[in-house]
Structure formats: structure tokens, C-alpha cells
Amino acid sequence: MPDGPGDEGSEHAPEGRTPQLPTDRESPVGEPVIRGDETVTGEHASDAVQFDPDDPASVDEAADVVRAFATADGVDHLRMLRGAAACAALVRGVGSYTAAADRAGGDVTVSFVRKWARVHDLPRAVRTQVARGEIAPSAAKHLARIQGSDRFLLAWTTIDAELSVREVRRITSDVADGTALETALAERDIPLGTIELDLPPDSYRELRRRAALEGVDPGQLVADALRTDRNV
């Protein structure tokens with residue numbers, strides 16, 4: 001779990017090269033970057049708890065939260081993000097998944113701590129969609145098993161293709177076993193890169209007009225526009 005000074009968006013490629021998007025967490029472990037953002041979580045932002053893996057008292061609090069999280073039923077997505085943050089901070093504070101599970105005690109297992117700590121390690125854009133309820137936390141738990149840009153691709157496909165948690169789990173298992181994500185999706189007839197957009201009438205008219213004049217698909221114009229502004 002990276003422990004960088006800033007959050008996603010700090011990497012820029014040299015001129016003429018495609019930037020490498022950060023695919024892991026870049027803000028400090030335990031910091032409520034998403035949970036404390038009013039634009040994402042609204043009035044719940046003021047309740048966000050920060051866990052400091054370098055503070056013994058905060059590590060103790062994280063252990064308590066993890067223990068309660070492991071036995072909770074019907075926990076909402078924000079509480080699950082808090083539990084994931086507690087898992088990650090506890091691991092960082094005590095040094096290993098095994099030590100974290102022992103410190104939390106109760107019914108907490110090494111597997112439980114590892115799975116949810118990895119959710120906390122997802123890139124900011126994905127965590128934001130979890131906080132907004134667009135991606136189920138249980139689906140995010142499986143997304144966190146894969147690495148690199150596949151994390152983004154499967155996260156957005158989960159939203160746009162309305163994948164179930166079971167489908168996400170099976171796809172990530174295939175990818176973890178060495179199957180290319182594109183292949184795993186194609187075998188299930190799940191489209192990759194298909195998104196439905198709602199545009200203002202003027203923008204819709206202009207997009208269609210330019211596509212017709214240039215003889216390309218509207219999606220190609222959108223892709224070209226994004227390609228020129230990769231640092232967003």
C-alpha cells in the first residue's frame with residue numbers, strides 16, 4: 001500500500017508520451033480522503049475518522065473498528081470504507097496482515113484483513129464510486145485483487161454493464177489465474193468501453209455533426225478529445 005504525499009493525479013508523463021495513471025492509493029494510509037469529502041459523502045463527511053498508523057492510540061482504535069467490522073451485519077458502503085481504512089492502518093501500524101489479525105482479535109482472520117486493506121489501497125477514482133454507491137463494497141473487494149489499469153477498466157465496466165458481485169468475483173478470479181481482462185469479458189459477452197452518455201442538446205447535436213463530417217463514430221471523437229488531455 002503506497003504511502004505517498006498526495007492522492008491520485010500526481011503523475012504526469014513527459015511531453016509526447018502517454019502518462020501512467022496511478023492505479024494504487026497515493027494519499028497516506030488511514031486518511032479519510034473520500035470519507036471526509038463533503039462533495040462525495042455529504043453530511044457524513046464530518047463523521048469521518050482518520051487512522052494514524054504511527055500513533056499507538058489510533059492503532060488501538062483501528063483494531064477496535066476492525067474487530068467490530070468483522071462481525072457487523074448490513075453495514076453500509078461508508079462504514080465499509082471506514083472498516084477498510086482501519087484494516088489498512090492496522091496492518092501498517094503493526095507490520096503485517098497476521099499481526100493485524102492477532103491485534104484485532106475476535107473473529108478477525110488474516111484473509112479478512114488482507115481483502116479490506118486492499119480496498120483501501122484502490123485508486124481514488126474507484127474509491128469515490130464506492131462511496132457514492134455506484135460500486136458495491138463487496139465488488140470493490142474483488143476489484144482490489146487485480147493490478148494495474150485493469151482495476152480501472154473492470155471498475156468502470158462494473159458500473160456501465162451493471163455487473164453483479166458474483167460476475168465481478170468470477171472475472172477477477174479468471175484474471176488472477178492469468179486470463180486477460182478483455183478475454184474474460186468477451187467470453188461472457190460483456191462489452192468493454194461501452195458507455196451511455198446524457199448530453200445537453202447542443203452538445204449532442206455538435207458531436208453528431210462533427211462525427212458525420214469526419215466520417216467517424218462519435219465515440220472516436222470522444223476518445224480523441226480525452227487523448228489530448230490525459231493529465232486530467
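Each value in this text was obtained by applying a stated rule to the coordinates, not by laboratory testing. Quantities reported herein were computed from a predicted structural model and do not represent experimental measurements. Every residue, glycine as well, gets a Cβ built from its backbone with ideal geometry; the counts of neighbours run over all protein chains shown.
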Consider a paramagnetic label point 7 Å from the Cα of Ser111 along Cα→Cβ; state which residues of the range 161-190 have an amide N under 16 Å from it. 169-170, 173
Quick one: 3J(HN,Hα) in Hz for the range 139-155, Karplus 6.51/-1.76/1.60 with θ = phi - 60°, rounded, Gly and Pro as x. 6, 4, 4, 7, 4, 5, 6, 9, 10, x, 5, 4, 4, 5, 4, 6, 4
FRET efficiency for Val222 and Ala180 from the Cβ-Cβ distance with R0 = 30 Å, rounded to 0.05, comes out at 0.80
Calculate the all-directions average of the projected area of the range 113-215's alpha-carbon convex hull, and give it in nm². 8.2 nm²
Net charge near Asp60 (other residues with Cβ under 15 Å of its Cβ; Lys, Arg +1; Asp, Glu -1) is -3
